[in-house]
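Rule-based calculations on the coordinates, nothing more; no lab input. Values in this document were obtained by computation on a predicted structure and should not be read as measured data. Note that each Cβ is placed from the backbone with ideal geometry, even for glycine, and that neighbours are counted across all protein chains shown.
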Amino acid sequence: MISVNKFKLKKRDKQKLISTLNNNWISSAGPEVTEFENKFKKLIGKKYCSSVSSGSAALDVAFKVINLKKNDEVIIPNFTIISSAISVIKLGAKPVPIDCDFYNWNMKINLIEKKISKKTKAILATHIYGYPIEIDKIKKICKKYKLILIEDAAEMVGHKYQGKYCGSFGDLSIFSFYSNKHITTGEGGMVLTSVKKFKDKIFDYKNLCFGKQNRFNHYDIGWNYRYTNLQAALGINQINRIEKIIQKKKKIGKSYYNKLNKLSNIYIQKPKIKNIENVYWVVGILILNKKMTAKKFRNELKKNNVETRSFFWPMNKQKAFNKYNIKFRGNFPNSEYLSKYGFYVPSGLNTSQNDINYVCRCINKIKKKYNF
Ligand SMILES: Cc1ncc(COP(=O)(O)O)c(C=O)c1O
């Protein structure tokens, strides 16, 4: 089976992990956590950063430190990971989802202003699947309405938009280090900011809000979202080679694009649109003919030993929210289409040119078989 997203670690990553283990720094304290954080914030270009246990934890912390509470609203993408909505809901606030663009799959920026109300406190701008959202435009909207910008760059470590690193635009920004991300430490995440008043709060909320005078008399309700020194050890050398990682991802994406973009009824994103470069965190395929669903296509690929993954499920269609009678107003035709007709193909750092050639041959074969 060609795996959909196989991570790639080098010998020196593993050696660093072993030496850290031998030095007995196995929990969240330790020199590697500090080194990893310092390197990471320098790369992205933010003053402060704090590692956490996952990208989802990073979202929880980000919304907590802006003091999001009951009756507040947050604009979020409808087509994204569920953590985005859950982090808002857990604080008693209301996510207000926006449909995605049919072609770039990011939140549709021209729909945002219509959804802003007196209750809106923040906008969550997420870069989806490797194609940067035009975050400068969202920043302008935030300025106009005095809203906080939270940038979800979970899938974008090391990639740039208009010459600046993704994750450097938000008042707060977050990343993930799950095994399918550009830098992986198994699990993990990061919250970054240059705003001083957020900095200490980030550290406290990820660390149970320990008391300042009496350590175990906690001053607020926080979480244990700490990141371990062992995870940090695994990540340090990956930061050093991030540019190579980014080049490899772009190469994989371009190669698929060159082989598939001429096929009728198959849409694959361009490597570059209007000077915005795609890093292809994952290489997504959108079927433009309703004769063939993603589910059916994926099954056919599976029979040919090609592992794939379905696209995100839209927030407005989530079972989890139905269960609690949480409803989102509006129409979301693009995200609903994407969830039915979109899927992604093997595009991890270990995907070889032979794998890509084989997957593309299979796609051609299936298209011919079903004649669409
Ligand atoms: C855009 C986005 N944000 C946040 C997350 C959450 O990250 P994690 O899986 O580390 O919790 C993900 C996960 O893939 C994601 O794609």
Relative contact order (%) - criterion: Cα under 8 Å, at least six apart; region: segment 265-364: 34 percent
- prompt: What ranking of Leu147, Leu349, Leu59 emerges when the number of other C-beta atoms within 10 Å of each C-beta is taken as an exposure proxy, fewest first?
  reply: Leu349, Leu147, Leu59
- request: Give me the compactness ratio for segment 11-240, meaning the Cα radius of gyration over 2.2 N^0.38 Å.
  value: 1.01
- prompt: What is the list of residues in segment 2-28 whose amide nitrogen lies under 18 Å from a point 7 angstrom out from the Cα of Asn357, following Cα to Cβ?
  reply: 2-3
task: Using only the Cα atoms of segment 296-347, each taken as one equal point scatterer with no solvent, compute I(q) by the Debye sum, divide by I(0), and report log10 of the ratio at q = 0.13, 0.27 Å⁻¹.
output: -0.42, -0.99
- request: Express the C-alpha Rg of segment 268-360 as a ratio against the empirical globular expectation 2.2 N^0.38 Å, rounded to two decimals.
  value: 1.27
- prompt: Given a cut-off of 25 Å, what percent of all Cα-Cα pairs of segment 205-357 lie beyond it?
  reply: 54 percent
task: Grab every C-alpha pair in segment 225-294, bin the distances at 5 angstrom width from 0 up to the longest one, and report whole percents.
output: 3, 14, 17, 17, 13, 11, 9, 8, 5, 2, 0
- line: Mean-square fluctuation maximum in Gaussian network of the chain, Cα pairs under 10 Å, restricted to Tyr219, Tyr48, Tyr324, hits Tyr324
query: Relative contact order of segment 40-117: what whole-number percent is it, with Cα pairs under 8 angstrom and at least 6 residues apart?
result: 25 percent
- prompt: Using the Cα atoms as the points, what is the convex hull volume per residue of segment 130-194 in Å³?
  reply: 75 Å³
query: Got a sec to turn the phi values of segment 298-309 into Karplus ³J(HN,Hα) couplings, 6.51 cos²θ - 1.76 cosθ + 1.60 with θ = phi - 60°, whole Hz, x for Gly and Pro?
result: 5, 4, 5, 5, 4, 4, 9, 6, 10, 7, 9, 9
- line: Between the residues Gly55, Val65, Phe36, the Cα farthest towards the positive end of the dipole of the chain, that dipole coming from +1 and -1 charges on the beta-carbon of Lys, Arg, Asp and Glu, is from Gly55
- prompt: Roughly how many nanometres apart are two label points built 7 Å out from the Cα toward the Cβ at Lys90 and Lys317?
  reply: 2.6 nm
- line: the chain, Gaussian network, Cα under 10 Å: of Phe79, Phe297, Phe210, the residue fluctuating most is Phe210
task: Compare Tyr358, Tyr165, Tyr344 in a GNM of the chain, Cα atoms joined below 10 Å, and give the one with the largest fluctuation.
output: Tyr358
field: Selection from Asn325, Asn371, Ser255 lying farthest towards where the dipole of segment 254-372 points positive, charges on Cβ
entry: Asn371
task: Multiply the residue separation of Lys144 and Lys369 by 0.36 nm, subtract the distance between their alpha-carbon atoms, and state the gained length in nm to one decimal.
output: 75.7 nm
task: Would you mind getting me the FRET efficiency between Glu243 and Lys274? Use the beta-carbon distance for r and R0 = 22 Å, nearest 0.05.
output: 0.40
statement: Taking Cys49, Cys100 and counting other beta carbon atoms within 10 angstrom, the fewest-first order is Cys49, Cys100
Full-stretch length increase - Arg329, Ile221 - with 0.36 nm per residue and alpha-carbon distance subtracted: 35.7 nm
query: How much length, in nm to one decimal, is gained on full extension between Lys137 and Asn299, taken as 0.36 nm per residue of separation minus their Cα-Cα distance?
result: 54.4 nm
message: As an exercise, use a Förster radius of 41 Å and the Cβ-Cβ distance of Lys197 and Arg12 to find the FRET efficiency, rounded to the nearest 0.05.
response: 0.60
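Neighbouring Cβ atoms within 10 Å as the yardstick, rank Phe40, Phe328, Phe102 fewest first.
Fewest to most other Cβ atoms nearby, the residues stand as Phe102, Phe328, Phe40.
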- prompt: Taking Cα pairs under 8 Å and at least six residues apart, what relative contact order does the chain come out at, in percent?
  reply: 23 percent
message: Using alpha carbons only, how many angstrom separate the centre of segment 29-76 from the centre of segment 203-220?
response: 17 Å
